[in-house]
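These notes concern the structure reproduced below.
The values are calculated or read from the model by the stated rules, or taken from the named source; none is laboratory data. Not measured: the values here are computed from a predicted model. A quick note on method: Cβ atoms are made from the backbone with ideal geometry, for glycine too, and the neighbour counts reach across all protein chains shown. Heads up: the accessible areas ignore ligands, DNA and RNA and are worked out on the full protein's heavy atoms, side chains in. Shrake-Rupley method; radii C 1.70, N 1.55, O 1.52, S 1.80 Å.
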Amino acid sequence: MRVLVVEDFAVLARSIGTGLRREGMAVDVTLDGTDACDRLAVTRYDVVILDRDLPGVHGDEICRQLAGNRCETRVLMLTASDTVEDRVSGLGLGADDYLPKPFAFAELVARVRALARRAAPPLPPTLVSGDISLDPARRAVFRAGRRLELSPKEFALLECLLATPGRVISAEELLEQVWDEAADPFSSAVKHTVHRLNAKLGDPSVIETVREGGYRIGPP
């Protein structure tokens, strides 16, 4: 899941970004509406967490543009105002959800996950390949009935591979979906994560490394 946080209060923006990364999401953060527009023009995000009152381009205008372009990106609008009029106004601009400040972080995570499910093609409730099963809702992975303890990045990478079993996914695509803009495209992060995953899965060949930098799980 790729998320863009657009919030001009730096402490809150960094806190949201850090928390969502711990939940296994790839998160980019910006404090400015103009920079947000530039990022949205070149990167596909599943969810944008959008403050309304931004420097540069106003959050309302960003939301209006996304809705006008019929973009698949879902918008969770944040604001310090909690009046019914403000909520109606934000939803009328095209926002998919609306969360007043202050908010409970657990609720923010739940709303982001719900919006991401709406942005992505529907998947079965449990992803399966052989005796490996992954339950996105419970954040749980099992092999032959035994639950595995995975890091957020390991879980997210395995989820990407299990979403399209048998398809070769490039390291670049995995970097884009699982990491964020801070990831070095020339790093070996994907390779090392796959190695750790295979070790936890108990078989170095469960996730197959395909020539020219791709990875696959399950038969082609």
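What list of ³J(HN,Hα) couplings, whole Hz, do you get for segment 143-153 from phi and the Karplus terms 6.51, -1.76, 1.60, once you set θ to phi - 60° and write x for glycine and proline? Here the 3J(HN,Hα) series is 10, 6, x, 9, 6, 10, 9, 10, 6, x, 5 Hz. Against the set (i) 18.4, 56; (ii) 18.6, 74; (iii) 17.3, 58, the structure's computed Rg and Dmax of the Cα atoms in Å falls on (i). Averaged per residue, segment 1-155 has 49 square angstrom of accessible surface, using a 1.4 angstrom probe with ligands and nucleic acids left out.
Taking segment 144-171 and a reference point 7 angstrom along Cα→Cβ of Arg138, the backbone N atoms nearer than 15 Å belong to 144-150. Here Val88 sits with roughly 90 square angstrom of accessible surface, probe radius 1.4 Å. In the context of the full protein assembly, Lys200 retains an accessible surface of approximately 80 Å², using a probe radius of 1.4 Å and ignoring ligands and nucleic acids. Taking the convex hull of the alpha carbon positions in segment 136-184 and averaging its projected area over all directions gives 4.2 nm². Report summary: the helix-based calculation at 222 nm, which adds -39500 (n - 2.57) for every DSSP H run with n ≥ 4 and divides by the residues of the chain, gives -12500 deg cm²/dmol. The label point for Ser205 and the one for Ser188, both projected 7 Å from the Cα toward the Cβ, are 2.3 nm apart. The H on the amide N of Met77, modeled in the peptide plane, is under 5 Å from the matching H of Leu50, Asp96, Asp97, Tyr98, Leu99, each at least 5 residues off or on a different chain.
For the chain, the relative contact order works out to 17 percent when only alpha carbon pairs closer than 8 Å and six or more residues apart are counted. More than 15 Å apart: what percent of Cα pairs in segment 105-172 qualify? Summing the P(r) of segment 105-172 above 15 Å gives 58 percent of all pairs. When the trypsin sites (Lys or Arg not before Pro) in segment 1-105 are filtered for DSSP coil states and for at most 11 other beta-carbon atoms within 10 Å of their beta-carbon, the remaining sites are Arg70.
How much length is gained on full extension from Arg118 to Ser151, taking 0.36 nm per residue of separation minus their Cα-Cα distance?
In short, 9.4 nm is gained.
Taking amide H as placed 1.01 Å from N in the peptide plane, the amide H of Val5 sits under 5 Å from that of Asp28, Val29, Thr30, Ile49, each at least 5 places away or on another chain. Figure note: Asp135, Asp32 ranked by solvent-accessible area, largest first, 1.4 Å probe, ligands and nucleic acids not counted: Asp32, Asp135. Converting phi to 3J(HN,Hα) with the Karplus coefficients 6.51, -1.76 and 1.60 and the offset θ = phi - 60°, segment 100-107 yields x, 8, x, 9, 7, 4, 4, 5 Hz in sequence order, with x at every glycine or proline. With all pairs of different C-alpha atoms in the average, the Kirkwood value for the hydrodynamic radius of segment 1-107 is 13.6 Å. For segment 84-166, GluC sites (Glu not before Pro) meeting the loop criterion (DSSP other than H, G, I, E, B) and having at most 11 other Cβ atoms within 10 Å: Glu149.
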